[in-house]
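Following: one structure in structure tokens, then a few remarks.
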Amino acid sequence: MKLNLFSACLALAVVVAPFAVAADSASATLENLRHYTSGADATPLRRYEQLVAQAVNDTNLRQSVEADLDRVLTGDATFEAKRFACKELAVIGTSASVPALANLLKDEATAGIACLALANNPSPEALTALRAALGTTRGLALAHVIHTLGERRDTKAVAQLIKLARDTDATVAESATVALGKIATPGAARSLAALRRDESPALRLGVADGSIRLAERLAAGGQPQRAAAIYTELLATGWPENVRRGAFLALLRLDRDGGERRIVSVLEGTDAALKPAAIAAISGIRGMDASQKFAAELPKLVPAEQALLVESLAERHDPVAQAAVQAQLQAADASVRLAAIGALGRNGDAAMVPVLARALATAQSDQETAAIEDSLTALNGGELVDRALTAQLRNRMAGPKTPLLVVLARRGSSLAVPVLLAETASSDATTAKIAFQGVGRLAGAEQAEAAVRALAGLRAPDARAEAETAVAQVLSRVGNPARRSAIVRAALGWVITAEARCSLVQLLPTCGDADALAALKTAMADNEPAVREAATRALAEWPDMAAWDMLVALYAQTDNEAHRVLALRGLVRLAGEENARPDAVLVARYRQLLAGAQSDDDRKLVLGALAGAADPDALKLAEEMLANPGVRAEAELAVRKIADAVKATHPEAAAQARQQLEKR
Amino acid sequence: MPLLVTPSVLGRGATAPNSRVVLGGIGMGNRAMFILPNFLAQPDIQYAAVSDARADRLKAAKDAIDTHYRTPDCRAFPDFRELLAQPDIDAVYIATGNRWHSMASMFAARAGKDIYCEKPISLTIREGRQLVDMCPRYGAIYQAGTQRRSTESYQFARKMVRQGRIGRVHTVEMQVWTGAVVPHEKAVPVPAGWNYDEWLGPVAWQPFVLGRVNGWPYFWDTGEGMHTDMGTHYTDQMQWVLGTDDTGPVEFETSDMVWPDPVKYMSETAISGTFRCHYANGVEGVLYQRKGFTDRYIRYIGDEGWIQVDDETDVVTAEPKSILQRRQTGGVGWANASSHIRNLLDCIRSRRPTLCHPEVGHRAQSIVESMTISARLNRKLRWDPVKEVFDCEEANRMLYREPRAPWRVS
């Protein structure tokens, strides 16, 4: 049952039922709630949750719901019922429910759920009840009460909390110490100052915690000097490192210069606990000549610190900092150079293209080259960066091209396509491969003709495989098969070399129209053996049944065993693709293939496809093959699969086939 | 790229061994064991200790780590506070149930540990804010486990939206799967090997009910339902892509809510529903809780197209399709958190904010939690993302649940 449905039913009951009935129902629900334990029907709980939600806009309902929940807190209600009531009173409780909640504070088993409700109860009576409990509870219940008073920042509790901060129960003492920091009255501040002086090891973290909270309150309340004094105490070397680090960061926020001098002082010192935090803070310091000052510290640091400072400087995004980072591209230490490369990539724009391109020329390792490629790829600035990269590629003096091509291809801009197409003519195989890969990814249909020309004009033989793959990708983006076909056939008309003709012939299946098939037929009679070979392989890849007869002819007539197998595989693939529409023609084709088979391997290949033809005649054909011991297993599998597939439409044929299998 | 630094730069004096980050795991259940290989694969992590309130899980985790290192040295602590007291541990990975996430993180920050904590970073909005305040208080580095920010598919989608490839974004659709229901069960004695008090932690005490313990995501105190648990991954993405990491939506409402039948089920959270939020600039976020586990996605819809990441497969689809040509190949899916862990390790060394620092995690969680409160009160709520208050007093009182002693630090 949905709660909204439940809610609708409840509303209906209120409207149409006599008051006495509704009252009885409400009374029963309350009674069920009071006795709720896990395992029982949760309807009373869900009903009161719904009533609490409705009470948001209804003062009368709110009072009555609170009164019901108050009744749950008293008497013999179960713990789980009281827990539920406290959760709901946390949302709608007022002073009315405080007495019952105060009663729960007396018992450690229920003090926690009482605090759950009282912590969110805005009435002064709630605070009064909690303060009273400071003198009557012990242990965890007391710690809980203290915590709640701290969260409520109850200034009237300070005097008692000061005493409790020196309680022998460490949990109680720590809770009181932290609560004093939250409440942050002058008395609380004096108490915490004394506790800091005491240096009690057991209370050390609690005192630090309370003191930090006090300092936060003072800083937020317009007393930064008093806050800074506390943080300065906590910065002393005797405190835990994380406390010192936190105090240091807080002091930076309070310093009038934003922490500039404090950071420089740490950078020039030997405090290892603070130095990384100081370097990390540099990116946010806004002083006029801050970048100059921080950059001046670079030579004084060890390389690992320099690497961190380079990153922080780069995030300052001003010319001085950027110049300092750029200078580190020539640093003696590799980790500093890598940091500078990475930082420029994350924070730079198109202006960084020539800078990083120059760095490519002086890169001292493959790792550095890869890092520069990554940075160039990451540069912000969209097409401005792409234009800068293409300009860089046209600059003959700019150094190595290959990484720039990699970057252009990775960035994925269509602006890169003309540049990449031009580079496909490179005689360097690596360059040509990268260029073709980029063309394959980025060139659109309108660039298909240029891509085919690039393939035809390939000058690096080792890049041919990448080139063919890439151009096929681009051609596949031309929606009209006739257009694809026209582009490739036109190129076949003017290419000279056999290698180029081979590549183009292999694109013909991607074109897939009748003209392309005719061109393929012509190529199969080419004077060049390599072209004939390419055409035969392309025929085996033809995408539709238009190639069936040519493949059958090849299958039946060739004396080249490799071609015969290629043809059979092509035929089986085409037949398999027709399995979705099985008919007599298809079964006849399977029969034709089996008749022409020259070995059991051939028959197994055909049976594998035949198994997918859900047709009773296909089933018969498969059954016929059961007699051949060399393909028995494949035939059985085919019979089972076809029988399963046709059992709904041809139950008798399927049953007979299964019986035949069982007999054997 | 990892930063290689000397021990002195770690900020721990000259004592840090081998520049490794010494890690402890808190909460070694299914999620922790799933992600364990991603931590162990980091060359600069030494997984040195584990903690769990369940003895069986504690042993399994220790065994797995010892097997990896071929030593018996992994320390095992039933009480995570003992683990936090170990001075050699630099950082902790927290994969407890959601009820513990913020509190365990605050315990860790105060103990001087850096943190990787699974999402959601908190269950209530106020404890989330307390965590945000706590980390700088102790200079702790914190990474929320919303690792999709480190995942290529999501990074690509963000880049395309931020480059304006789909025009002005007006809607972000998100989808998590249908929530489960938990049948009624009676309380039973706490089984041997369980520290149930610690397991429950800051949640108000309640009897041990196996169904409630195993089905913790489906109760308000412990999990807040699928739209909170999983939804925060997507609200985090929405915030990141919209560039609203330091703020959030201003309005929340819910519809089509389907709740468990209280006659049959004790679980409290919604089975399905539609959760909406609106940003001040008019952008609408719609989080659907419906359909199956594999149907989750996030889709950004603009006035010139859309782009979607299918979370199950990491497949990105878009209109216009030309957008997809800009995607680089490679990159691991969200299931591999290595990049996210690497970001934490780099930040531990540099003391710089992580990708998913506490404010980021808190804002993402605030959205799903606000949706929860809107659903529970069955009303539209206006939200002030600066003051972090609603226009409804009762809703404001649901921003916080007083944690149980002694399982709290703030």
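One table, with the values for the structure above:
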quantity	calculated
Some residue of segment B:297-310 being out of contact with any His (no Cβ under 6 Å at 6 or more places or on another chain), assigned by TED's automatic domain parsing to the domain that holds B:Asp236, among the hydrophobic types (A, V, I, L, M, F, W, C) and within 20 Å of B:Pro120 (Cα to Cα)	yes
Some residue of segment B:326-333 being closer than 28 Å to B:Ala157 by Cα, of a type in the set (Ser, Thr, Tyr), within 14 Å of chain A (Cβ to nearest Cβ) and not in a helix (DSSP H, G or I)	yes
Neighbours by Cβ (under 7 Å, 6+ apart or cross-chain): first from segment A:589-601, over 12 Å from A:Leu621 (Cα atoms); second buried (at least 16 other Cβ atoms within 10 Å of the Cβ)	A:Gly596/A:Tyr555; A:Ala597/A:Arg603; A:Ala597/A:Val606; A:Asp600/A:Val631
Single unsatisfied condition, B:Ala41 versus (1) within 23 Å of the chain's Cα centre (by Cα); (2) touching a residue at least 24 places away in the same chain (Cβ under 8 Å); (3) crowded, with 16+ Cβ neighbours inside 10 Å	(3)
Top-ranked residue of segment A:186-237 - restricted to ones that are modelled with pLDDT under 95 and part of a loop (DSSP other than H, G, I, E, B), ranked as surrounded by the most Cβ atoms within 10 Å (Cβ to Cβ)	A:Ser200
Test: residue in segment A:65-80 that is without any contact (Cβ under 8 Å) to a residue 40 or more places away in the chain, touching an Asp or Glu at 6+ places or on another chain (Cβ under 9 Å) and surrounded by 24 or more Cβ atoms within 10 Å (Cβ to Cβ)	yes
Considering residues of segment A:330-349 that are at pLDDT 95 or above and part of a loop (DSSP other than H, G, I, E, B) only, the residue farthest from A:Ser312 (Cα to Cα)	A:Ala332
Matching residues, segment B:55-75, being surrounded by fewer than 20 Cβ atoms within 10 Å (Cβ to Cβ) and in contact with a strand residue (DSSP E or B) (Cβ under 6 Å, 6 or more places away or on another chain)	B:Arg75
Per-region count, segment A:151-184, residues surrounded by 21 or more Cβ atoms within 10 Å (Cβ to Cβ) and without any contact (Cβ under 8 Å) to a residue 24 or more places away in the chain	0
Filter result for B:Arg349 (within 9 Å of chain A (Cβ to nearest Cβ), more than 25 Å from B:Gly231 (Cα to Cα), touching a Gly at 6+ places or on another chain (Cβ under 7 Å) and not polar (S, T, N, Q))	no
Of the criteria (1) part of a helix (DSSP H, G or I); (2) surrounded by fewer than 17 Cβ atoms within 10 Å (Cβ to Cβ), which one A:Ala648 fails	(1)
Within segment A:90-121, tally of residues that are within 10 Å of chain B (Cβ to nearest Cβ), under 20 Å from A:Leu61 (Cβ atoms) and either more than 40 Å from the chain's Cα centre (by Cα) or assigned to a helix (DSSP H, G or I) (or both)	6
Subset of segment A:416-465 [within 14 Å of chain B (Cβ to nearest Cβ) and not hydrophobic (A, V, I, L, M, F, W, C)]	A:Gln437, A:Gly438, A:Gly440, A:Arg441, A:Gly444, A:Glu446, A:Gln447
Checking A:Gln598 against (1) part of a loop (DSSP other than H, G, I, E, B); (2) closer than 30 Å to A:Thr497 by Cβ, the condition it does not meet	(2)
Residue match in segment B:256-270 (condition: under 16 Å from B:Ile298 (Cα atoms), assigned by TED's automatic domain parsing to the domain that holds B:Tyr288, part of a loop (DSSP other than H, G, I, E, B) and under 19 Å from the mean Cα position of the chain (by Cα))	no
Matching residues in segment A:29-55 - criterion: being buried (at least 19 other Cβ atoms within 10 Å of the Cβ), among the hydroxyl-bearing types (Ser, Thr, Tyr) and facing another protein chain (nearest Cβ under 8 Å)	A:Ser38
Segment B:271-321, residues that are within 14 Å of another protein chain (Cβ to nearest Cβ), surrounded by fewer than 22 Cβ atoms within 10 Å (Cβ to Cβ), aliphatic (A, V, I, L, M) and assigned to a strand (DSSP E or B)	B:Val316
Leading residue by the ranking (farthest from B:Pro358 (Cα to Cα)) among those in segment B:80-98 that are touching an Asp or Glu at 6+ places or on another chain (Cβ under 7 Å) and within 14 Å of another protein chain (Cβ to nearest Cβ)	B:Asp90
Residues that are closer than 20 Å to B:Pro87 by Cβ, part of a helix (DSSP H, G or I) and in contact with a helix residue (DSSP H, G or I) (Cβ under 9 Å, 6 or more places away or on another chain), drawn from segment A:238-257	A:Asn242, A:Val243, A:Arg244, A:Arg245, A:Gly246, A:Ala247
Residue list for segment B:354-394, restricted to those being of a type outside the set (Lys, Arg), closer than 14 Å to B:Cys277 by Cβ and within 14 Å of chain A (Cβ to nearest Cβ)	B:Thr372, B:Ile373, B:Ser374, B:Ala375, B:Leu381, B:Phe390
Single residue of A:Leu619, A:Leu637 found to be surrounded by 17 or more Cβ atoms within 10 Å (Cβ to Cβ) and either part of a helix (DSSP H, G or I) or at positive phi (or both)	A:Leu619
Condition check for B:Trp240: touching a residue at least 40 places away in the same chain (Cβ under 8 Å), in the same structural domain as B:Phe293 (by TED's automatic domain parsing) and surrounded by fewer than 21 Cβ atoms within 10 Å (Cβ to Cβ)	no
Positions within segment B:192-210 being in a loop (DSSP other than H, G, I, E, B) and either over 13 Å from B:Trp100 (Cα atoms) or of a type in the set (A, V, I, L, M, F, W, C) (or both), in sequence order	B:Ala192, B:Gly193, B:Asn195, B:Val203, B:Ala204, B:Trp205, B:Gln206, B:Pro207, B:Phe208, B:Val209
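The values are calculated or read from the model by the stated rules, or taken from the named source; none is laboratory data. Because the structure is predicted, anything quoted here is derived from the model rather than measured. Neighbour counts are summed over all protein chains in view; Cβ atoms, including those assigned to glycine, are modelled from backbone coordinates with ideal geometry.
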